[in-house]
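The values are calculated or read from the model by the stated rules, or taken from the named source; none is laboratory data. As the structure is a computational prediction, the values presented were derived from the model and not from experiment. With ideal geometry, Cβ positions are generated from the backbone for all residues, glycine too; neighbour counts draw on all protein chains shown.
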Amino acid sequence: MNKKVKLIHNSVNKVFFWGCLHVFHDPKWDVPIWKSRGYESALDHANGIREKINKTCLPNDTLVILGDGFLNSSPEQVENYLKSLNTNIIYQNGNHESSTSRIYRREVDKYLKVHGITNSELEIYPFKYNNITFLSEYVEYDLKINNVNLSVAAFHYPIKVFNGAHRMGCHIHSHNHAGLKSSLPDAQEGKILETSVDVFPDGPLSADKLLEIMDKKEHKRFDNHH
């Protein structure tokens, strides 16, 4: 989709960003992801992530999840988990999306069938289902934070050159699990930020905090493209 998505963050409707939740992920590693995040099990981790979302995000708010929300799970588990979140969800796919994508595909196919369309290759964005709005993998947000406008290019993966970069826009992503130093909050070169759980373990990142972090980063053009 090439139309900017408008989001408003104020005292009544707040906007938050988070990514790489990895809910239900229980890999057979020496240090599974749930353990590296300080949890006792995959279930404890899933409950902890939900608690942090529901404590932070209210019913009128919007949480943008930048991919990799769930692994090692069925569509039914994912659907029930998303219903248990007491806020509006915008979901952008990452690279681990089998269950989430199956929910999307199932509901889009139902919609298309009602309208006499049987081509299951078609995608529809935005697509609303329960408290979830599915958007494409790459989305540009026109974010108004109180009285300040911020252009945000959001993608699961980090990119250096994005639309609006030369006009003081910013880019947010997840995917790297705090492994890319140039995308951390205290990195100065370029208005790029990773918003994953591993960078913000205490809970989703609010839009006003995003603005505060971006204001401290230096504007840098990595090429001469306009």
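Just one of the listed residues (Gln77, Gln92) is at pLDDT 95 or above, buried (at least 19 other Cβ atoms within 10 Å of the Cβ) and among the polar types (S, T, N, Q), and it is Gln92. May I ask you to list the residues in segment 17-36 that are crowded, with 16+ Cβ neighbours inside 10 Å and either touching a helix residue (DSSP H, G or I) at 6+ places or on another chain (Cβ under 8 Å) or in a loop (DSSP other than H, G, I, E, B) (or both)? Passing the criteria: Phe17, Trp18, Cys20, Leu21, His22, Val23, Phe24, His25, Asp26, Pro32, Ile33, Trp34.
Of the residues that sit in segment 78-121 and are outside any helix (DSSP H, G or I) and among the small types (Gly, Ala, Ser), which one is nearest to Leu43 (Cα to Cα)?
Restricting to residues being outside any helix (DSSP H, G or I) and among the small types (Gly, Ala, Ser), the top hit is Ser84.
Residues that are without any contact (Cβ under 8 Å) to a residue 40 or more places away in the chain and assigned to a loop (DSSP other than H, G, I, E, B) within segment 139-156 comprise just one, Asn147.
The test for being among the acidic types (Asp, Glu), in contact with a Lys or Arg (Cβ under 6 Å, 6 or more places away or on another chain) and over 30 Å from Glu51 (Cβ atoms) holds for Glu189. Only a single item in (1) loosely packed, with under 13 Cβ neighbours inside 10 Å; (2) modelled with pLDDT of 95 or more; (3) over 17 Å from the mean Cα position of the chain (by Cα) is not met by Lys6, and it is number (3). With the structure loaded, tell me whether His45 is part of a loop (DSSP other than H, G, I, E, B), buried (at least 19 other Cβ atoms within 10 Å of the Cβ) and modelled with pLDDT of 95 or more or whether it fails that test. When the stated conditions are applied, His45 does not pass them. Residues satisfying the criterion are present in segment 120-138 (criterion: touching a helix residue (DSSP H, G or I) at 6+ places or on another chain (Cβ under 8 Å), among the hydrophobic types (A, V, I, L, M, F, W, C) and more than 18 Å from Gly67 (Cα to Cα)).
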